[in-house]
Structures are given as structure tokens and as C-alpha cells.
1. Pick out the one residue from 148, 160, 189 that is hydroxyl-bearing (Ser, Thr, Tyr) and touching a helix residue (DSSP H, G or I) at 6+ places or on another chain (Cβ under 7 Å).
2. Looking at region 17-32, I want the residues that are in contact (Cβ under 8 Å) with a residue 40 or more places away in the chain and have a partner that is charged (D, E, K, R) and in a helix (DSSP H, G or I) with Cβ atoms under 7 Å, at least 6 apart or on another chain. Which pairs are those?
3. What pairs can you find where one residue is in region 199-213 and farther than 16 Å from residue 123 by Cβ, the other is modelled with pLDDT under 90 and of a type in the set (Phe, Trp, Tyr), and their Cβ atoms are less than 6 Å apart, with a gap of 6+ or different chains?
4. Considering only strands (runs of 3 or more DSSP E) fully contained in region 112-198, which possess at least 1 residues that are touching a residue at least 40 places away in the same chain (Cβ under 8 Å), over 19 Å from the mean Cα position of the chain (by Cα) and surrounded by fewer than 16 Cβ atoms within 10 Å (Cβ to Cβ)?
5. Considering 258, 250, 280, which residue is modelled with pLDDT under 85 and among the polar types (S, T, N, Q)?
6. Of the residues in region 318-330, how many are part of a helix (DSSP H, G or I) and surrounded by 13 or more Cβ atoms within 10 Å (Cβ to Cβ)?
7. For region 31-48, what are the residues that are modelled with pLDDT of 85 or more, farther than 14 Å from residue 67 by Cα and in a helix (DSSP H, G or I)?
8. Anything in region 250-295 that is farther than 25 Å from residue 320 by Cβ and in a loop (DSSP other than H, G, I, E, B)? List them, or say none.
Amino acid sequence: MKIDVSSNHTSSFLPPLRALLRVLYTKCKTDVELLLNQRNIHISQLMSLARLCDDSLLDALLSLATEHYKQNVTYGLEAAYLFQPADFNEKGWPMTTARNLQQLFDCIEELYPARGLRCESRQNEFICSWIPPPHTPAFVLHFIAAVSLINIRGQGIPNSEILKVILPEWCAPNLAQKLTVWQEHFYNSFKVTSIFLGSAFEIHLTAKALSIEFENADEIIFKFFQSRCRYSIHPNIEKYTDQNFNLLLSKIKKIMLSHLDESEHSFADVAHSLGLSIRSLERTLARHNHSLRKIKQELQCSTATELLRTGMRPKEVAGKIGFSDPTAFSRAFLKWTGEPPSSFRERMCDAQC
């Protein structure tokens with residue numbers, strides 16, 4: 001059994017999972033101590049993260065937890081109640097001191113872009129979703145769902161603002177009786193409906209929930225730890241300060257030009273090439289009245305005019321700068337230059353003749 005428990009794929013026990021280990025140690029103390037004794041590790045070292053957990057030990061612990069889960073289908077839910085804010089370590093402080101859910105989700109999207117968290121509004125709902133790796137143990141997802149709700153409610157968000165939780169279909173208890181036990185336990189604990197459907201983990205909230213002020217909000221602590229996390233997760237951001245903004249700009253243009261004909265190449269791909277999160281990059285550009293969209297449009301415009309000067313047909317030019325629809329390119333070129341591409345091409349050809 002493999003699970004990605006660290007952002008850099010090194011062997012360290014993800015801090016929030018310590019609550020799972022607390023329950024496991026309580027229920028299977030002899031088995032856990034046997035695994036640790038074989039590696040000369042005391043339980044206190046693992047709990048405090050004073051000792052790294054190598055892959056083999058982590059796999060053994062998760063395998064043992066899986067066996068326990070087969071006997072106790074609510075294992076992940078029980079562990080959530082032993083979760084402590086300190087389990088987040090430093091990277092969790094921005095999440096526990098955010099002003100509201102909107103700031104919390106913005107923070108998570110910025111600091112953990114590789115985790116694939118998406119937040120979007122649909123009609124009168126706000127949905128936070130994540131597609132976990134299919135090899136993630138079911139009880140870990142149950143634990144994440146419960147911890148999420150405990151923390152949301154702990155910040156003063158009433159149950160009435162939490163509409164439902166959807167978990168991946170593949171992590172549902174495999175027997176109807178166990179599924180019923182799990183869902184009843186979940187509802188009795190949170191008064192929130194749970195559904196096993198599809199492949200994504202989703203929390204559905206009312207739009208109003210986003211702006212409710214957190215009880216533990218602390219702007220000073222939030223900004224302090226948010227800044228520390230930015231530099232620890234995205235160390236490359238230090239390379240691109242206000243003093244060498246032109247270096248950043250030239251790198252962005254070089255990356256964009258090399259992929260200008262690829263309509264699927266996103267702004268997130270540009271940020272990834274620079275070793276930054278999309279939010280960090282956009283924030284740096286905004287300080288200089290730039291944006292990724294503006295830079296790309298300038299490059300598309302200048303490239304298009306040069307290609308049209310050579311006599312290339314507008315339809316061909318459209319594909320060269322990332323437009324799959326020639327009509328959309330014509331509209332964009334007219335907006336950029338005040339002239340349709342066909343007229344510009346003819347004028348340039350006449351001038352050269």
C-alpha cells in the first residue's frame with residue numbers, strides 16, 4: 001500500500017495523520033510497539049515527529065490501520081476527534097487564523113497548488129473539491145472529511161451552512177450494513193448528509209458561509225505564517241523581487257513564446273516552470289501593473305503582426321498563436337490593433353510592393 005504523505009515525496013509522517021496513529025495505538029498497542037521496536041523508535045518520537053518515518057514503517061503502519069478499519073468502519077471518524085490544531089504544525093497556522101472560509105480556501109490554493117484543491121461557486125452553493133489518489137486508504141479520506149467539518153464548525157460556521165459532503169465512491173464501506181453504520185455515525189456526529197459518488201471529495205456550503213467571520217481569526221498571525229509558508233513552499237519566489245522584476249518578465253515571455261501555439265498550455269503551467277504558485281506569480285505581476293493575460297496578449301499581438309507581414313494567411317496565423325478558432329482570432333486582433341487581420345495583411349503586402 002502506497003500513499004503520498006509528504007509534499008516532496010520524502011519519508012516523513014504527515015503531521016495531521018498523527019490522530020489516526022493515536023487511535024491505532026490505543027486499539028492495537030502491541031502491534032504498533034512491535035513495529036516501532038524493530039526500528040528502535042519510541043512512540044513518543046513518532047508522535048512528536050522527532051523521528052522521521054521511513055517508507056517501510058509508514059506502509060506497515062497503514063497496513064495495520066487498514067486491518068483495524070476492516071473491524072471498525074468508523075476508525076477514521078473516531079480519529080478525527082483526537083485531532084489537535086498542533087498537528088498542523090507551522091503550515092497549518094494560516095488555516096486556523098484565517099479571517100473566513102474565503103480567505104482560508106484562497107490560502108490553501110496558493111500554498112498547496114500541487115494538491116489539486118478547487119473552489120468554485122455554482123448557483124447558490126460554494127464547493128470545495130479535491131480528487132485524491134485512488135490508492136489513498138479509505139479511512140484516511142473519512143478522517144479528512146471529519147477533520148474538515150470539525151474545523152469548519154470550530155470556527156463558528158453553523159451546521160445549517162454546510163449542505164453536504166461527497167466522498168469518492170471507491171472509499172465507501174464495502175458492505176451495506178457497514179455503510180449504514182458509517183453514514184449514521186457521520187450524520188449523528190455532524191448533522192450533515194454524506195454521499196459516496198464519483199471520484200472527487202467535495203464539501204458543499206452555502207454562499208453565505210464564505211463570509212462568516214471565524215471565531216479564531218487573527219490577521220497578524222495569519223499574515224506572519226502565510227509569509228513563512230510562501231517562502232518555505234516556494235523558495236524561488238525570493239529570486240523575483242521588485243529589484244529584478246525585468247528578469248521575471250523576460251522568463252515569463254520566453255516560456256510563453258515557446259508554447260504560444262499550444263492553446264492548452266495554461267498560466268498555471270507558466271508558474272510551475274518558474275517554481276512558483278499561480279497566486280504568487282500573479283501577485284508579483286500585479287505590483288507592477290502587469291498580468292499573465294496581458295503579457296500573453298501582447299506576445300500574441302506582436303507575433304501575429306510579424307507573421308501577417310510575411311504574407312501568412314490569418315487562418316494560419318491563428319493556429320500559430322494558440323487560437324483554434326480563426327473567427328475568435330480575428331475579433332481579438334481587431335480589438336488589439338483596431339484593424340481586421342485580413343486588412344492588415346493586405347495593407348502590409350501593398351506597402352512592400
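The values are calculated or read from the model by the stated rules, or taken from the named source; none is laboratory data. Computed from a prediction, not measured in an experiment: that's the story for all the values here. For neighbour counting, all protein chains shown are included, and Cβ atoms are generated from backbone atoms with ideal geometry for every residue, glycine included.
1. Selected residue: 189, the only one of 148, 160, 189 that is hydroxyl-bearing (Ser, Thr, Tyr) and touching a helix residue (DSSP H, G or I) at 6+ places or on another chain (Cβ under 7 Å).
2. 18/87; 19/87; 23/78
3. Pairs that qualify, where the first residue is farther than 16 Å from residue 123 by Cβ and the partner is modelled with pLDDT under 90 and of a type in the set (Phe, Trp, Tyr), are 201/130.
4. Result: 125-130, 162-167.
5. Just a single option satisfies the conditions, and that option is 280.
6. The number of residues fulfilling the criteria is 6.
7. Selection gives 33, 34, 35, 36, 37.
8. Passing the criteria: 275, 276, 277, 287, 288, 289.
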